Amino acid sequence: MSQRCFFIIAQAVLASGLLVGCATTRQLAVDYPKTESVAVKPLRGQTTVSGDDYYVQWLSEFEFKGDSALKGGCNEMGGHYENGDLSAAVVFAVHNDALKLQREASGFLYQATTGRCNFKLETKKANLTPWLRLDSAKDTQIEYRFLTSNSHESNLSQLVEDLNTASGLFALTGVGTGMAVMGKLAGNWVESNPPVVAKTPTPAGKLSSETHTLPAGVVLNADSAGLNQTRLPVYEVLEGGWNIWSSETKMLGELRIYPELVSSLLLKTVGDATPDAHDLSLEELWRAPIQTANGEQRLQQLLAQIDAADRPNLQPDWRDYSDVETQCRRLKLVMKDLGFNKFDRNALLYYFLNKSPDWKNFNISMQRAMTDEIRPKLLEQYRSTNFSGCLAPEDYWVMKSMRLAVNTEQDWDALASSRQKKEGILNPVQSAGRQLLAALKSPDKDEVARQLYPLLNTEKAGNGSVLLQNHLSNFGLETLLQLPPIPDEGVVVSAAQLAGVFAGLNVDSYSCARPAQEQGQPLAHIGILLFATKPGSPRDKGGALEFELAQGRIVRLAFQHPSFRDFEQNLADYPDLGGCRIDAEFLNRLH
């Protein structure tokens, strides 16, 4: 071999060695987790947090902290990354035994060969769990494995591909983006949809692995809650290059494992706001979309899959209080078993019960409860149908917080107190009216006088006397009393004289007595009744009689004309008042 040829070969070998020596390898390393706890804020208007307030979902996301490796250009002369000699991945394993929840998800995938730019890095935001009720989520365990390989045969890309396939198939029953299922339905789902298992690559000797369990994500106390979020620092390690004995470590980013909270009205309300459910219907809620392994279903279809022994009848006899209460309880238990929180459960229960007349009567408005056709005894009956076999007092508070029209115990106490005050106004007039009518209806004039005596009293003449006024017409009152013309302010008469007046009027029938009203409010001391006369009476057809009370006794009686007190319009506006209903037919007899 000539000297020139030897020199050329030597130069080629040297150049090759320099290229290899200058080439760099880029690997990733994951540091130990850093966990911090964040207190869960109470919902607006509340001071405490319970496990039934929120749903929580766990996610992983990569946050870059360093510079992109591509910014410096790709001028190195090295191997091709397609060979996949170096690879690294973070894999999460999630399980919750109570929910029969088990799945895996990838945090990131890295592949590289020789050369600073011969790499592929995949970082994708991943949902580690479906939406879980807070009290159910506290038993969720999240582990992570950091895997590294320096072998083409142990390329981790297939592992991550299997995990992504499993994530695509994972869809436990839920609303919107998913909600965990508990109980038998979850078991049936797991049996019919076994999870896709990602196979760890081999040979195992060329694969390094670290596995760690993260702290519990949810910490629940009696009236507070905390959420733990974790950061995994990720570093890039550069080796080789011009100095083959040195390595350089730089922060690449952090892998965050963090929670998101939602209070939800079927996952449509975010943050710490209480859901607003006041403008919905049962039919709308039945159509709420549920994501399942077999595709989207409606909420009503999901409930139809419950075992017959537990499944509620969604079309009970709405007029049968006992049946409706029983089906309400079944629906409540099923909704809780399915993982729905107190807002979603109670919104559905409200609109389910809203088809029941007993439910509407129990949640009667203050305005309607004050009307006279609703008597106190009937009101108590309404209150007794409180669906206590299904709903607890806190359920009513939850419904009320969502702007639903319900009566809590405090509402009923206020309603009963208002009604009692009204009855306190009505009772004296009702009592005096009943006694007055009982006396006037007696066929014997002397018996009428005897019964009227204890009811009447005036300051001027004492017991058994009353001030009698006539605003009706000149029907001969003076003749009946055998008195001179009566002044406008009236005249004080005795019980016997009054009995003679009504005997002379030849009354055919009386209406019931009711309070008089001013500006729509019943008066506590003035009552009114109507009387119809027989043919030949000095007062043709009849009229109205007003009585006024003082200290429980009748001090004034007035034959009344509508111009003095517009009782005719009052009867039209309030046909039933104080337990007295006067039909229009009776009033027409007086015209």
**Message:** Computing the accessible area with a 1.4 Å probe over protein heavy atoms, can you report the carbon and sulfur percentage for the stretch 251-399?
**Reply:** 46 percent
**Request:** Describe numerically, in nm with one decimal, the distance between label points set 7 Å from Cα along Cα→Cβ at Asn463 and at Ala550.
**Result:** 1.8 nm
**Asked** Over the stretch 439-507, what relative contact order in percent results from Cα pairs under 8 Å that are six or more residues apart?
**Response** 36 percent
**Message:** Rounded to the nearest 10 Å², what accessible area does Thr385 have for a 1.4 Å probe in the complete protein model?
**Reply:** 20 Å²
**Prompt:** Dividing the Cα radius of gyration by the Kirkwood radius, what Rg/Rh value follows for the stretch 321-446?
**Reply:** 1.20
**Prompt:** How large is log10 I(q)/I(0) at q = 0.20 Å⁻¹ when the Debye formula is applied to the Cα atoms of the stretch 444-591, each weighted equally and without solvent?
**Reply:** -1.40
**Request:** Name the aspartates and glutamates eligible as straight-distance cross-link partners of Lys377: C-alpha to C-alpha under 20 Å, and not fewer than 8 places from it in the same chain.
**Result:** Asp358, Glu409, Asp411, Asp413, Glu423, Asp576
**Asked** Tell me, what is the 1.4 Å probe accessible area of Asp223, in Å² to the nearest 10?
**Response** 90 Å²
**Request:** Taking amide H positions as placed in the peptide plane 1.01 Å from N, state which residues far from Arg556 in sequence (5 or more) or on other chains have amide H under 5 Å from it.
**Result:** Leu467, Glu548
**Asked** Each residue of the stretch 212-227 in turn: what ³J(HN,Hα) in whole Hz from Karplus with 6.51, -1.76, 1.60 and θ = phi - 60°, glycine and Pro shown as x?
**Response** 9, 9, 6, x, 3, x, 10, 10, 9, 10, 4, 9, 8, 8, x, 10
**Complete:** So Gln521 and Lys125, fully extended at 0.36 nm per residue minus their Cα-Cα distance, gain in nm 136.0 nm
**Asked** Ignoring ligands and nucleic acids, what accessible area does Ile306 show with a 1.4 Å probe (Å², nearest 10)?
**Response** 20 Å²
**Asked** Ordered by residue, what ³J(HN,Hα) values in Hz, to whole numbers, does the stretch 249-258 give under the Karplus form 6.51 cos²θ - 1.76 cosθ + 1.60, where θ = phi - 60° and Gly and Pro are x?
**Response** 10, 10, 5, 9, x, 9, 9, 8, 10, 9
**Asked** In terms of solvent-accessible area of protein heavy atoms at a 1.4 angstrom probe, what is the ranking of Lys421, Lys250, Lys125, highest value first?
**Response** Lys421, Lys125, Lys250
**Prompt:** Which ³J(HN,Hα) values, rounded to whole Hz and listed in residue order, are derived for the stretch 586-591 from phi using the Karplus coefficients 6.51, -1.76 and 1.60 in 6.51 cos²θ - 1.76 cosθ + 1.60 with θ = phi - 60°, glycine and proline given as x?
**Reply:** 5, 5, 5, 5, 8, 8
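The values are calculated or read from the model by the stated rules, or taken from the named source; none is laboratory data. Since we're looking at a predicted model, the values are computed, not measured. So basically every Cβ, Gly included, is an ideal-geometry build from the backbone, and we count neighbours across all protein chains shown. Protein only, heavy atoms only, side chains kept; ligands, DNA and RNA dropped before computing areas. Shrake-Rupley method; radii C 1.70, N 1.55, O 1.52, S 1.80 Å.
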